[in-house]
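Worksheet: the structure to be examined is printed underneath.
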Amino acid sequence: MPHFTREEMIWAGLFLVSVLLVGLAHHLPVLRGFPAGLTLPLSEALNTVISPVFETLRPLGRVLSFMIETPLSAIRAGLAWAPWPATVLALVALALYAGGRGLAVFAALALGLVVLMGYWPRAMNTLALVLISVPLAVGIGFALGTLGHLVPRVRPGLTFLLDVMQTWPAFGYLIPLLLMFGFGPAAGLAASVIFSIPPMVRNTMLGLDEVPPAIVESALMAGARPGQLFWQARVPVALPQLMVGVNQTTMASLSMVIIIAIIGGFNDIGWEVLSAMRAAELGRSLGAGLVIVLIAVLLDRITRGLAGRRRRSGGWFMAGLIVALVLVVVLPGEALLPGEEAQRWLRRLDAWLLDFVAWSAPFFALLRDAITYGLMLPMRLGFSGSASPMVWGFVLSPPVIFAYVLVATGIALGLGWRRPGRGIAFAFAALIFWTGLPGFPWPGVFLLTACATFRAGGAGLTALATGALLLAGVSGLWQPMMQSIYLCAVAVLISFAIGATLGVIAAESDRVSALMRPVCDTLQTMPQFVFLIPALMLFRVGEFTALIAIVLYAVVPPIRYVEHGLRNARADLTEAGLQMGATRWQLLWQVKLPLARGSVRLGLNQTIMAALSMLVIAALVGTRELGQQVYVALSKADAGAGLIAGGIIAAIALVADRLLRAPEGKSGDKT
């Protein structure tokens, strides 16, 4: 007989209550969605409060806009005036200094390709945006990280603020900033700085915290004053970690390039991608997207190389800079740029891509139908809604219902005979598969969320989770919120299944690991918007296109974390399994994977975070979830609606993060 813990008995009772609610929802439609009579005009009320604030801040916004746009214009003009061979040579010399010959060759090839494709002026405008936003983000992040290190009392609040900043949708930053700065590069740059600050803060605190006490004691014994102790002892030791923060800040800033283009109208690569996608010119959009990827990979490698750089001579670097300065004086600048031939080649590429899309249409249509009818519709409409002649080819008759209940009950009992928790988990999955995530009764959502969050994080996490649910309900965003959870759940299931499988294969094969590493590095450095290009090219506008883009973006974390966990499983326990005669398959499933459970959970955590962060970007290709609400609010400059929808997305991400980080052994007592 199964032996239940107290917690398992609670969850079994919650399952019975959920079954009752699902049954009542067939007769009481008010249980299916949050009652419309309980909604309130929260966005209008919030606009009434914050609009005067931003009106008051608008003169300050104009001053800050002038302070931002003046150096931006100067850097932009300088990069445009400098001949491209001089700029290429300077960047190649920096790459040689940071990463050696291999990185220098890559820099030369990548920048040469940018020139040949005809995107050099736009690429320099993008670089100007990065050169303004990154120093600001690094400076502010370093100051806040230092504050968190020196004043422990502010650290919990600062950590929570960073969590909110990193989970808040990127578009959500733009709406209040538009009210303050107006349309133009200043609002976009301010959003980029805000979005890029958290990595620098976290790495600053980490680097300063890990300074060995012996070094601090030595400095104090030498008579160092507080300022000398900080700048001459702590900061030099923490410098490698600080440079990691600079690397991550640079990547975060570059990922905002296209989002800046949406409101800035700046003639950079982001604007080129956006305009090409709007014109359905696949060649141009792929070409511009490739330029962003090349710039992102190059900046990532340079900043990463500087972070881990050992002492090496800077002679070649200085020589390269001197030659670059000579070229600036000698060469005529933009006259050396190629003409329109590269752009004409990209337009010819459109025809080839359209031919490829037409040739591959049957395969991708089959893939789309398989995922749509086999996974997306059941998760959205449930088995009860999908079982129809139009979808699955059969009617939801009493025998079909009886067969579903019988099979689900049998599997749940079989799984739960020795481990009741597994049976209860499967029973909940079968119930949700019956109703679909958006169709699950709203009182049940509140009840299950409250129980799960209280178990994982106590009253504070429960208040955050139920508060977010209540905010979604009374603001009229319950259905978009459930659509967001559904789309994110489907994307996470697919991403984690693919990523974990590839991670296991990479952990078992050094050759596969070596092949996967550059692919993962490239995917991680690509800005989010770029993932829409291939998805839009193959599947056109729609929810499935959004799903594919989210999966492409979220597939890397499970690959990396699963491989890391398996490769770092305790060697003594692995050796013990081999000595006991375990096969390779048994060793993987019964030894390595249980030992790697923490890394696997962290990989799942990061997969969910990546999927949620991509929701708003994916809304550009046609969805009906919270990301679309944020985008619509941006188009209307409706700060209230945008802040509410963005706040709900951030709360979902925070709750998911805390749930997955809860201790695994936290369970009730035996009864």
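None of the figures in this text is laboratory data; all of them are computed from the coordinates on show. What you see is a predicted model; the values in this text were computed from it and never measured. Virtual Cβ from ideal backbone geometry, glycine too; neighbours counted across all protein chains shown.
List of remarks:
- Pair-distance profile P(r), taking every C-alpha pair of segment 128-243, with 5 angstrom steps and integer %: 2, 12, 18, 18, 17, 12, 9, 6, 4, 2, 1, 0
- FRET E, pair A463, R601, Förster distance 35 Å, beta-carbon r, rounded to 0.05: 0.90
- Take every pair of alpha-carbon atoms less than 8 Å apart whose residues are at least six positions apart; their mean separation over the length of segment 478-638 yields a relative contact order of 35 percent.
- Reported value for segment 387-436: 63 Å³ per residue, from the convex hull of its C-alpha atoms.
- Using θ = phi - 60° and Karplus 6.51 cos²θ - 1.76 cosθ + 1.60, couplings along segment 68-76 (whole Hz; Gly, Pro as x): 7, 6, 5, x, 4, 5, 5, 5, 4
- Segment 391-447 and segment 575-607 have Cα centres spaced 29 Å apart.
- In this Cβ point-charge picture (+1 for Lys and Arg, -1 for Asp and Glu), segment 478-638 has a dipole of about 80 debye about its Cα centre.
- Cα-based helix-to-principal-axis angle, 420-435 vs the chain, degrees rounded to 10: 80 degrees
- Taking Cβ atoms as reference points and 13 Å as the exclusive limit, the residues near E508 contribute a net charge of +2, counting Lys and Arg as +1 and Asp and Glu as -1.
- Top positive-direction residue, dipole computed over the chain with Cβ charges, set L654, L24, V151: V151
- The distance separating the Cα centre of segment 95-126 from that of segment 8-45 comes to 56 Å.
- Whole-number percent relative contact order across the chain, with pairs defined as alpha carbons under 8 Å at least 6 apart: 21 percent
- Degrees separating the helix 639-661 axis from the principal Cα axis of the chain, which is the longest one: 70 degrees
- Residue (of M580, L136, Y119) at the positive-pole extreme of the chain, dipole from beta-carbon charges: M580
- Centre separation in Å (Cα based) which lies between segment 153-176 and segment 540-567: 24 Å
- The spread of Cα positions in segment 78-189, taken along each principal axis and listed from longest to shortest, comes to 51, 36, 23 Å.
- Ellipsoid equivalent to segment 398-519 - semi-axes via the Cα gyration tensor, in Å: 31, 24, 17
- Cα centre as origin, Lys/Arg/Asp/Glu Cβ charges: the chain dipole, Debye: 1020 debye
- Two-site FRET efficiency, E210 against V154, from Cβ-Cβ distance with R₀ of 25 Å, rounded to 0.05: 0.80
- Label of the coordinate-derived value, Kirkwood radius over Cα pairs in Å, listed as [x] 26.4; [y] 27.7; [z] 28.6: [y]
- Note on the chain: dipole from Cβ charges, positive end direction compared against I371, G13, V53; the farthest Cα belongs to G13.
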